[in-house]
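Structure first, commentary second.
The values are calculated or read from the model by the stated rules, or taken from the named source; none is laboratory data. Note that this is a predicted model, so its numbers are computed, not measured. For neighbour counting, all protein chains shown are included, and Cβ atoms are generated from backbone atoms with ideal geometry for every residue, glycine included. Surface areas here come from the heavy atoms of the whole protein model, side chains and all, with no ligands, DNA or RNA. Shrake-Rupley method; radii C 1.70, N 1.55, O 1.52, S 1.80 Å.
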Amino acid sequence: MSIGYYISVFVHIVCGAFWIGGMLFLPLIILPGIKGHPDRINILYKTGIKFRFYGWVALSILLITGLLNIYLRGLPFTWIFFEKTNYGNLVIYKFFIFISIIIISAIHDFFIGDKAIEAMQKNLNPKLKYIARWSGRINLLLALIMAFLGVIISRGGNL
Ligand code: HEM
């Protein structure tokens with residue numbers, strides 16, 4: 001395997017770890033850690049906005065390195081390859097789950113997130129907070145499935 005391939009998989013793993021780690025850090029560390037803090041909602045908003053930016057950077061790099069992983073392994077980008085091989089099938093599953101992650105992230109980050117924070121500040125409409133919370137949890141679950149599929153693909157894709 002070329003050094004380029006190793007670097008691509010390395011960057012892919014680091015971005016996956018960053019994104020999954022961030023989605024675990026918020027509910028497990030930040031939220032309990034700032035419980036009862038007078039400026040809690042503002043801290044949540046500020047950290048959410050920061051993670052949103054780097055999260056989208058990580059997702060973009062994951063897509064680029066995901067495709068590079070295939071190319072640098074010397075595998076063909078043909079429909080026959082994706083349709084007829086286990087490796088190819090798993091990449092297709094990953095791609096569609098990734099599209100779902102992008103859609104849920106966009107709704108969470110650009111439509112629900114801000115409104116939920118606003119509603120929390122005014123103690124209104126708790127439903128928004130739950131939609132924000134559950135869309136985040138669904139994305140975390142999908143990201144863990146992506147990582148698991150990735151581990152299988154990297155080892156040849158044979159289940
Ligand atoms: C949330 C997004 C993603 C996460 C968390 C993720 C995670 C991972 C992980 C943990 C591995 C295993 C690395 C190893 O064991 O060596 C991997 C491998 C891989 N991923 Fe992803 N991935 C994501 C998105 C994508 C996307 C969008 C694609 C392409 C369309 C992709 C294609 C691949 C490929 C082809 C491999 C195998 C690399 C090889 O040939 O060894 N991934 N991924």
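Things to note:
- Considering all different alpha carbon pairs of segment 63-137, the Kirkwood hydrodynamic radius works out to 14.8 Å.
- Carbon + sulfur, % of accessible area of segment 22-159 - ligands and nucleic acids excluded, 1.4 Å: 71
- The chymotrypsin sites (Phe, Trp or Tyr not before Pro) of segment 68-159 that DSSP puts in a loop, and whose beta carbon has at most 12 other beta carbons within 10 Å, are F77.
- Alpha-carbon centroid distance for the pair segment 17-34 / segment 102-159, whole angstrom: 12
- Å² per residue, accessible surface of segment 1-146 at 1.4 Å: 63
- Each Cα pair of the chain feeds into the Kirkwood radius, which the Stokes-Einstein equation turns, at 37 °C and 0.692 mPa s, into a diffusion coefficient of 191 µm²/s.
- Eigen-decomposition of the gyration tensor built on the alpha-carbon atoms of segment 7-75 gives equivalent ellipsoid semi-axes of 33, 11, 6 angstrom, largest listed first.
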